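For reference, the structure is listed below as structure tokens.
The values are calculated or read from the model by the stated rules, or taken from the named source; none is laboratory data. Being a predicted model, the structure only gives us computed values, none of them experimental. No Cβ is skipped: glycine too gets one built from the backbone with ideal geometry, and neighbour counts run over all protein chains shown.
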Amino acid sequence: MQSTRVRCYGLGRQLKRSLKSSAWRFVLSRDYRHVFGEWEGQSLKDVQEKDGQRFQQWKNEPHLVKIPGGETLDEVRDRAMAVLEKTIKSIPGRHFSLSPTASSTR
């Protein structure tokens, strides 16, 4: 499997070519991803078996759940917004895009 960095650079090159513009700048930041803590790298089936009650709450009310060693959706939003604001200030008058990657659970 390719790393997130390789996939993002590939997407960036494709966008730049298709838009025929050098005005685009590509910034990679792990700060936009959700941290799943103890669930990182596990299959959803394994998470459900090991942490069933929290998994059910996460499926039904994800905004109320903090995964052990992870973060709440509010924490994800706050961290991502701070990075977004920093990115916007660092490239005034330029275009940029955000592209999500796959989650850290399987």
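Scanning segment 36-63 for residues that are surrounded by 11 or more Cβ atoms within 10 Å (Cβ to Cβ), without any contact (Cβ under 8 Å) to a residue 24 or more places away in the chain and either of a type outside the set (F, W, Y) or in contact with a Ser or Thr (Cβ under 8 Å, 6 or more places away or on another chain) (or both) yields D46, Q48, E49, K50, D51, R54, Q56, Q57, K59, P62. A single entry from R25, R106 fulfils the requirement of being touching a strand residue (DSSP E or B) at 6+ places or on another chain (Cβ under 9 Å), of a type in the set (D, E, K, R) and modelled with pLDDT under 85: R25. If you check G70, G52, G10, G37 for being at pLDDT 70 or above and on the phi > 0 side of the Ramachandran plot, only one passes: G37.
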